[in-house]
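The following block contains the structure, expressed as structure tokens.
No value in this document is a laboratory result; all are computed from the given coordinates. All values derive from a computational prediction rather than experimental measurement. Cβ: placed from backbone, ideal geometry, glycine included. Neighbour counts: every protein chain shown.
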Amino acid sequence: MVTVVARLMKGFQVASSSTGIYILVDPFNREDSGVTTYVKLAAEKLTELGLKVEIIQVRDQETIDAFRVRVKAEIAGFKKDIVCIEAPESLAATLLISEKYPIHIRLHCSRSLGAAVQGLSYSQSDVSNEQREISRASYLSSPSWASYFASCALFKFNKVPVVYPNLAPIISAEEERVGDFDVTFVGRFQKLKGITYLAEIVSKLPDLNFAVVCPPTESAVLNGFKNVTFFDGRFMRKSEIYSLSKLVVVPSVFETASMVAIEALAYRCKVVLWQHLGVVEYFDGNSNLVSVPSGDIGSFVSEINDALKKPWGDNGDNISDKLNLAFCEGVAHLLVKKDSKINLVRRPSISIENYLKNLVDSQQEQMKKKKSSTLVRKTRKLIFHPIAFFRDSSEAKYLRRKISERKLKKLIALREEFKFHPDFVEVRQLTSNLVVEPAVGADEAPESDKVLPSRDYCMVIDESGRIEVKVSESKPAGYSTAFMHYEFEDELLVQKIIDDLNEFEDFKYVSSSRMKFGRFNVSEAQSALSIVNRIDVKNKNSLSLLNFIVLLNAPSNICNALRYAGVEQKIILIKTREDLSIDPDSVDGVISTYAEDLKNRKLRRVIRIDEVAGVSLAMRRILQEGFPKKRDMLLPLHIGGVCAFDKADLIDFDEHHHQGIIKIRKTDFTNSRTMMDIYEKVSASIVGIAVLESTYMRYRSLCEAVEAGDPATNLIEACLMDGGLFDVKEV
């Protein structure tokens, strides 16, 4: 192989010269990213072939805009000749680089394409930027024809890429071993990886044991199946993963190739997968890789059974060597011969091409239907179906919802009485697989006690995809409230809180008819910024229509994201779990069942309750305190039992520009180096503080601490951080 590669690359080395440099751009830089893995392997292989290779990777917390600027600057800083600048089309990392440089775009499947394949929304500006880079690139390549076909359905370009496979890590299969499972699934637990298909496959093969190797997940898609075992692949060696069974399935909706399939074959595991996945093009005639007509679950299940019965077919190929040789040949054809007609992998039939293009087109059509204007739809309904329009009006919906809620309460009351009736038990058994169960490790209520939610959610925050906030302006202004909970939160707890809020006959602002609802399912590892970035301007404006967002056991990243994604909303956190950490800067108020939270001197407002039953009353209290005041009066804080204000101090106070008055002794701030230094000096020199009633209620815990003798540092810091201003007077 070495001799062949040297012969293929000889002309390339001469063309690049000893001073030439090959640059690889990685806009992801994550261990679980296929692009990052490719960049690492490509750098090693190209270095072996005598090239000088440099990698430019995005840094932690660096935005794509900042990364593009840095890429441009680093490219301009290279003193040597640049042979090639290779980057994926995704995120258009080369956007600012001049066309005088030899740009090589490799179609790794952009995020926009991944979203389109799943029927998710994506940014049209991102597509335009990525299409621009594809069109102006000096060189264009693709890991498979599948990637090219799917890209053609989203991007408009006339170039045909040089198609050659991605590199594969050097793998030497270990000795024969017998796994404890029949079938293994490896990959992120998301729609793109085919988990919906996987659930169907598992349900049709109850006698087989499935190993699911993925990062920790709380999805309920497979939790109802007793023949599924989850493994955290982050802490397993590849050899451990592929020794779980002798068969690996790849039911992905789309893959440019599939590193999982390549690794599985290298470790002598058979693979069953859809025929439209790119890796099928690499192994034409390999009996250990079985492709199935796309979307045909019956055939997939049948091939799994057949593959388990057949012995391993010795095809005599070293998987890694074969793919790496094809990669080197592809690079040579691309950069030296500039030949796009070379076929280094098998081009699939026209039916595969049509399937992939239709897959993208059909999902885009679905997205267009979802995004159709509400006004247009309602106007059309009013014109052509006026009876249905008024029948479905908000008033009618309100009445139907109230009737449904009452019926539900009556049914719940009857459930205990009839739970052992034979017909009830039979129905429950038949429907048990249809009920969404809590994730493995979550607090589970007995099945007979589960209550399915009967409410509309205006906001859903999950791991990926655009976050939409479907709320409208409410009257009176300043009273709009939303209640959010974890997707797999104990439904009895959620329903208990909502039912208790409906009992306040004299306080209807928190009844389920007025309350907006939302749910979230985001890992704490995801940053608040990444969540905020998925809320566009329109939805941020909608979010600002909410005055209070009450979150049940939400992690700090969710609280921070919602607090800083808008300007009006105040965040109230309900804490009923001891292990939940609180970021004081992310919440305006806390309702906690734990006494130690009272000791947190940074919290603006904290209410301690003895049991969960007190949540609704505490919510009412904290919301009433925060609702608009008809007359917002100044309230002096009694420091050391003394009020330092008289009537003259309060005359001409401008409540539209200031939230309070601070009287301080004359103080020298010249040696202050940070804002905290200033806060502490102001606090030490305070003679008196007076704040508006609304401000006092918002920061009640901090105000009470000051009146009890604590320094005012935390109060001043919190007010200024939230945009409040004091009228400071020296005495």
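Rounded if a/c is under 1.5, else prolate if a/b beats b/c, else oblate: with a ≥ b ≥ c from the C-alpha gyration tensor eigenvalues square-rooted, which is region 65-110?
In terms of gyration-tensor shape, oblate.
Shifting gears a bit: Report the paramagnetic label zone for GLU463: residues of region 553-595 whose backbone N is under 18 Å from a point 7 Å from Cα along the Cα-to-Cβ axis.
Counting only backbone N, you get 555, 557-558.
Beyond a 21 Å Cα-Cα separation, which of these cross-linked pairs lie in this structure: LYS629/LYS729; LYS516/LYS599; LYS508/LYS570; LYS647/LYS681; LYS570/LYS602?
Long pairs (Cα-Cα over 21 Å): LYS629/LYS729; LYS516/LYS599; LYS647/LYS681.
Which order results if MET515, MET484 are arranged by neighbouring Cβ count within 10 Å, fewest first?
Ranked by crowding around the Cβ, least crowded first: MET515, MET484.
Moving on. Test of understanding: ordering PHE627, PHE548 by Cβ neighbours within 10 Å, fewest first, what list do you get?
Neighbour counts put them in this order, fewest first: PHE627, PHE548.
Along the Cα→Cβ direction, 7 angstrom out, place labels at LYS238 and GLU44. What is the inter-label distance in nm?
Here the modelled spin labels are 0.8 nm apart.
Full-extension gain between GLU730 and GLN57, please, as 0.36 nm times their residue separation minus the C-alpha to C-alpha distance.
237.0 nm
Could you check how many percent of all C-alpha pairs in region 2-163 are farther apart than 28 Å?
20 percent
Still on this structure, I have one more. Please report the relative contact order for region 658-729, taking Cα pairs under 8 Å with a sequence separation of at least 6, and give it as a percent rounded to a whole number.
51 percent
Related question: Using per-residue counts of other Cβ atoms within 10 Å, averaged over each peptide, order 707-719, 196-208 from highest down.
Ranking, from highest mean packing down: 707-719, 196-208.
Quick one: what do you get for region 634-730 if you divide its Cα Rg by 2.2 N^0.38 Å?
Normalised Cα radius of gyration, region 634-730: 1.01.
Stretch ASP536-LYS156 to full length: gain in nm at 0.36 nm per residue minus the Cα-Cα span?
The span from ASP536 to LYS156 would gain 134.2 nm if fully extended.
Excluding same-chain residues fewer than 8 positions from LYS52, which aspartates and glutamates have a Cα within less than 14 Å of its Cα?
Within the straight-line cut-off, LYS52 pairs with GLU44, ASP81, GLU86.
Show me 463-472, 247-256, 157-166 ranked by packing, highest mean number of other Cβ atoms within 10 Å first.
Descending packing order for the listed peptides: 247-256, 157-166, 463-472.
Now, a different point. Work out the FRET efficiency for LEU529 and SER672 from their Cβ-Cβ distance, taking R0 = 35 Å, and round it to the nearest 0.05.
Taking R0 as 35 Å, the efficiency between LEU529 and SER672 is 0.75.
Report the antiparallel proportion of the DSSP beta bridges in region 183-315 as a percent, rounded to a multiple of 5.
Just about 0 percent of them are antiparallel.
Add +1 for every Lys or Arg and -1 for every Asp or Glu among the other residues with Cβ under 14 Å from the Cβ of ALA565, and state the total.
That works out to +3.
Mind giving me the FRET efficiency for PHE507 and ARG608? R0 is 22 Å, r the Cβ-Cβ distance, nearest 0.05 is fine.
According to the calculation, E is roughly 0.55.
Exactly which trypsin sites (Lys or Arg not before Pro) in region 584-652 are in a DSSP loop and have at most 10 other Cβ atoms within 10 Å?
LYS630, ARG631
Further question: In terms of the Cα gyration tensor, with a ≥ b ≥ c the square roots of its eigenvalues, is region 437-626 rounded because a/c is under 1.5, prolate because a/b exceeds b/c, or oblate?
It is rounded, given that a/c, with a ≥ b ≥ c, falls under 1.5.
Please rank LYS666, LYS538, fewest neighbouring Cβ atoms within 10 Å first, as an exposure proxy.
Neighbour counts put them in this order, fewest first: LYS666, LYS538.
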